[in-house]
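**Student:** Before I ask anything, here is the structure I am working with.
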Amino acid sequence: MAVAHGQRLRRLDETTRPLGVFLNIHSSLPSACHPHPEGMDAASSLGFHAAALTFLNQPVVVAIIFQAWRKCGHVRPKTEEADFAISACGGLQGNLLKGRMTSPKPPQITGIYRYPVKGLTPEPLPRAALTPGETLLADRRYAIENGPSGFDPAEPKWLPKPHFLMLQRDGWLAALQTHFDDASHVLTIRHNGAIAAQGNLETAEGRAAIERFFATSYAGQIKGPPKVLTSPGHSFSDVARKVVSIINLASVRAIENMVDHPVHPLRFRANLYVEGWPAWHEFDLLDRTIAIGDVRLKVVKRIVRCAAVNVDPDTAERDLAIPQALQRRLGHGDCGIYAEVTAGGTIAVGDAIMAEQPELL
């Protein structure tokens, strides 16, 4: 039996993936009790005189409770927070789940990604060094100018993303597979599996090779001459502050329910992906400090989503309307948070991530 809390049932032949939902049914009434022959409810129709249905969506536990009434002849739901209790026929009382559940795992990092060139392919990292006041190493280190922007590498200043090639407008970028090598500074661009361009982004010749590829292959889709931009220490982030972006995977699953469609987490192009928080819990962390081992990050801003999240990172198709769905259902277009590194160190996939308790004055 497939059961999903707050969403439509999925096909049983669909490739399995974590739903974050588990249903456990506990029979409770003694055999002397019999269901009423008429009007059998959901619990009795499953063969249980009374049942406790427990949805586990770590770390939240929600219990839907059934209690015997009218001499065990009728079963009806009680409240979501009450203990399982049977008040008729001398049945047991108390929480039948005690001692049967293991403690939920602490929230943890399940993915670390960087984006060396703005708008191009995310690169997974098993671990990353974080430095106070900085982004992940080489994250948005480069951008490709979409016509003259006025950016001065000698005096770099933050510019809004429409000045550069970006997924919000240029969804075709997702069809390219790119890789940046830190040691050689070489960017390799593949299209349909074949190398289309390659160049050292720290040399004029290497940047020119990348620029020629975009100028010739996408002449009708760019506004002006493409130019690879970089400046030591500068990040071409969507915000002026040097931040680490964090996505809560439970919130992504909540969006799947809204749009009734699978949503690839990499649509959100985050640096860290977290499993174990309830949906939208990240918004409760604003202005608080989160800890990953010795590393500390202060949450500074919610992320307002743009049309880039509508582009499927695997197919490059613009097939969803996620910001609009968020606005309709929640009254805002936010998903994810930005955080600034305040204490450095190394983080890795699998590390626990915890919110520090605010100090009491």
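The values are calculated or read from the model by the stated rules, or taken from the named source; none is laboratory data. These figures come from a predicted structure and were not determined experimentally. Note: ideal-geometry Cβ built from the backbone for every residue, glycine included; neighbour counts use all protein chains shown.
**Student:** Go through Gly293, Gly276, Gly344, Gly331 for me and flag whichever is touching a Ser or Thr at 6+ places or on another chain (Cβ under 7 Å) and not hydrophobic (A, V, I, L, M, F, W, C). Even if it seems obvious, please write down each step before you answer.
**Tutor:** Values: Gly293 fails: touching a Ser or Thr at 6+ places or on another chain (Cβ under 7 Å); Gly276 fails: touching a Ser or Thr at 6+ places or on another chain (Cβ under 7 Å); Gly331 fails: touching a Ser or Thr at 6+ places or on another chain (Cβ under 7 Å).
Only one candidate qualifies: Gly344.
**Student:** Going through the stretch 273-298 one residue at a time, which ones are within 15 Å of Val243 (Cα to Cα) and in contact with a Gly (Cβ under 7 Å, 6 or more places away or on another chain)?
**Tutor:** Tyr273, Val295
Per-residue answers, yes or no, for (1) within 32 Å of the chain's Cα centre (by Cα); (2) not in a loop (DSSP other than H, G, I, E, B):
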{"residue": "Ala183", "(1), (2)": "yes, no"}
{"residue": "Leu187", "(1), (2)": "yes, yes"}
{"residue": "Ala196", "(1), (2)": "yes, yes"}
{"residue": "Glu205", "(1), (2)": "no, yes"}
{"residue": "Ala209", "(1), (2)": "no, yes"}
{"residue": "Arg212", "(1), (2)": "no, yes"}
{"residue": "Thr216", "(1), (2)": "no, yes"}
{"residue": "Gly220", "(1), (2)": "no, yes"}
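**Student:** Let me ask something else about it. If you go through the stretch 235-250 one residue at a time, do you hit one that is outside the structural domain of Pro160 (by TED's automatic domain parsing) and assigned to a helix (DSSP H, G or I)?
**Tutor:** Yes, the stretch 235-250 contains a residue that is outside the structural domain of Pro160 (by TED's automatic domain parsing) and assigned to a helix (DSSP H, G or I).
**Student:** While we're looking at this one, here's another question. Need pairs with beta-carbon distance below 9 Å; first residue under 19 Å from Glu317 (Cα atoms) and within the stretch 243-261, second modelled with pLDDT under 95 and assigned to a loop (DSSP other than H, G, I, E, B); sequence gap 6+ or separate chains.
**Tutor:** Glu256/Gln7; Asp260/Gln7; Asp260/Arg8
**Student:** Residues in the stretch 312-352 that are touching an Asp or Glu at 6+ places or on another chain (Cβ under 7 Å) and either assigned to a loop (DSSP other than H, G, I, E, B) or over 21 Å from His281 (Cβ atoms) (or both): how many?
**Tutor:** Going through the stretch 312-352 one residue at a time, the tally reaches 4.
**Student:** Any idea how many residues of the stretch 253-283 are within 16 Å of Ile109 (Cβ to Cβ), surrounded by fewer than 21 Cβ atoms within 10 Å (Cβ to Cβ) and aliphatic (A, V, I, L, M)?
**Tutor:** Here the count works out to 1.
**Student:** Next question, about the same structure. Collect the residues in the stretch 183-231 that are acidic (Asp, Glu) and either modelled with pLDDT under 95 or closer than 22 Å to Asp170 by Cα (or both), keeping them in residue-number order. Lay out the reasoning, then the answer.
**Tutor:** In the first step, residues of the stretch 183-231 are kept if they are acidic (Asp, Glu); the result is 202, 205, 211.
Passing the criteria: only Glu211.
**Student:** Another question about this same structure. Given the conditions (1) within 16 Å of Met166 (Cα to Cα); (2) of a type in the set (Ser, Thr, Tyr); (3) loosely packed, with under 14 Cβ neighbours inside 10 Å, which single one is not true for Tyr218?
**Tutor:** The failed condition is (3).
**Student:** Mind checking which residues of the stretch 267-300 are among the aliphatic types (A, V, I, L, M) and in contact with a helix residue (DSSP H, G or I) (Cβ under 9 Å, 6 or more places away or on another chain)? Before the answer, list the steps.
**Tutor:** We begin by selecting, within the stretch 267-300, every residue among the aliphatic types (A, V, I, L, M); these are 270, 272, 274, 279, 285-286, 290-292, 295, 297, 299-300.
Val274, Ala279, Val299 - these are the residues of the stretch 267-300 that are among the aliphatic types (A, V, I, L, M) and in contact with a helix residue (DSSP H, G or I) (Cβ under 9 Å, 6 or more places away or on another chain).
**Student:** Then there is this: Looking at the stretch 119-136, which of its residues are more than 16 Å from Arg190 (Cα to Cα) and either in a loop (DSSP other than H, G, I, E, B) or assigned by TED's automatic domain parsing to the domain that holds Ala308 (or both)?
**Tutor:** Our first condition is that a residue be more than 16 Å from Arg190 (Cα to Cα); within the stretch 119-136, this holds for 124-136.
Matches in the stretch 119-136: Leu125, Pro126, Thr131, Pro132, Gly133, Glu134, Thr135, Leu136.
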